[in-house]
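Worksheet: the structure to be examined is printed underneath.
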Amino acid sequence: MQVAIVKYNAGNIYSVECALRRAGVTPILTDDKEILMSADKVIFPGVGEAATTMAYLREHSLDCLIRDLKQPVLGICIGMQLMCRHSEEGNVDCLGIFDVDVRRFRPETHEQKVPHMGWNTLNEVDTHMFPAEVEGKYVYFVHSYYVPVSPYTTATTDYIHPFSAALRRDNFYAIQFHMEKSGVVGESILHHFLSL
């Protein structure tokens, strides 16, 4: 199985490469159109800022390429947010795969810190996208912006209020948490995606 990771101006891609290698897959890190289109699975991970990253994707024609992919595609963290319609981070239009906007967390009490950072639970998980045993399990988050609960939501997490921990539309899958930093739960989610 050929798994391609989208190469762009994002941080934290190396940890996703390492997670795939632990799962027995040697990924290809690339921005080559032909390789991305022919891969069995594509992963769109990263840490970054929405407006800067969207500018880079457009400049390198990766925005249209990602939207046109037909195989299973998994967005992680900023990858998930960029797959949405619009982000409050930089007030930028994104890829529009999911017809929902990304919003900034606004604390309601002094104790509610932003970014939302650390371990939190997955709730209301869709068992097509996730193994059933991850319901209620802890995964690792680091983010200041969130995707509201919508018809695309396939798992929720509660911080300040419920938000989308995961999304799905057709062949596009997305998770807000860092699967590659979420221990055995993250590994089981990765294996499940690779088996789709």
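The values are calculated or read from the model by the stated rules, or taken from the named source; none is laboratory data. Only a predicted model underlies this, so the values are computations on that prediction, with no experimental measurement involved. Note that each Cβ is placed from the backbone with ideal geometry, even for glycine, and that neighbours are counted across all protein chains shown. The area values use the complete protein model at the heavy-atom level, side chains included, leaving out ligands, DNA and RNA. Shrake-Rupley method; radii C 1.70, N 1.55, O 1.52, S 1.80 Å.
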Which is in contact (Cβ under 8 Å) with a residue 60 or more places away in the chain and over 16 Å from the mean Cα position of the chain (by Cα), of PRO162, PRO107, PRO151, PRO131? PRO131
So, SER38, is that one of a type in the set (S, T, N, Q), surrounded by 17 or more Cβ atoms within 10 Å (Cβ to Cβ) and at pLDDT 95 or above or not? no
Conditions (1) open to solvent by less than 40 Å² (accessible area, probe 1.4 Å); (2) within 17 Å of the chain's Cα centre (by Cα); (3) of a type outside the set (S, T, N, Q) -> VAL47 fails only (1)
Candidate set from the range 1-25 (those that are farther than 23 Å from GLN81 by Cα and in contact (Cβ under 8 Å) with a residue 12 or more places away in the chain); member that is surrounded by the most Cβ atoms within 10 Å (Cβ to Cβ): VAL25
Any idea which of SER182, SER188, SER195 is of a type in the set (Gly, Ala, Ser), at negative phi and touching a Phe, Trp or Tyr at 6+ places or on another chain (Cβ under 7 Å)? SER182
Would you pick out the residues in the range 54-102 that are in contact with a Lys or Arg (Cβ under 9 Å, 6 or more places away or on another chain), assigned to a helix (DSSP H, G or I) and open to solvent by 10 Å² or more (accessible area, probe 1.4 Å)? CYS64, LEU65
Those residues of the range 26-35 which are surrounded by 12 or more Cβ atoms within 10 Å (Cβ to Cβ) and in a helix (DSSP H, G or I) amount to LYS33, ILE35
Any pair with Cβ under 6 angstrom, 6 or more apart, that starts in the range 86-100 at a residue that is over 14 Å from GLN176 (Cβ atoms) and ends at one that is of a type in the set (Phe, Trp, Tyr) and assigned to a strand (DSSP E or B): ILE97/PHE172
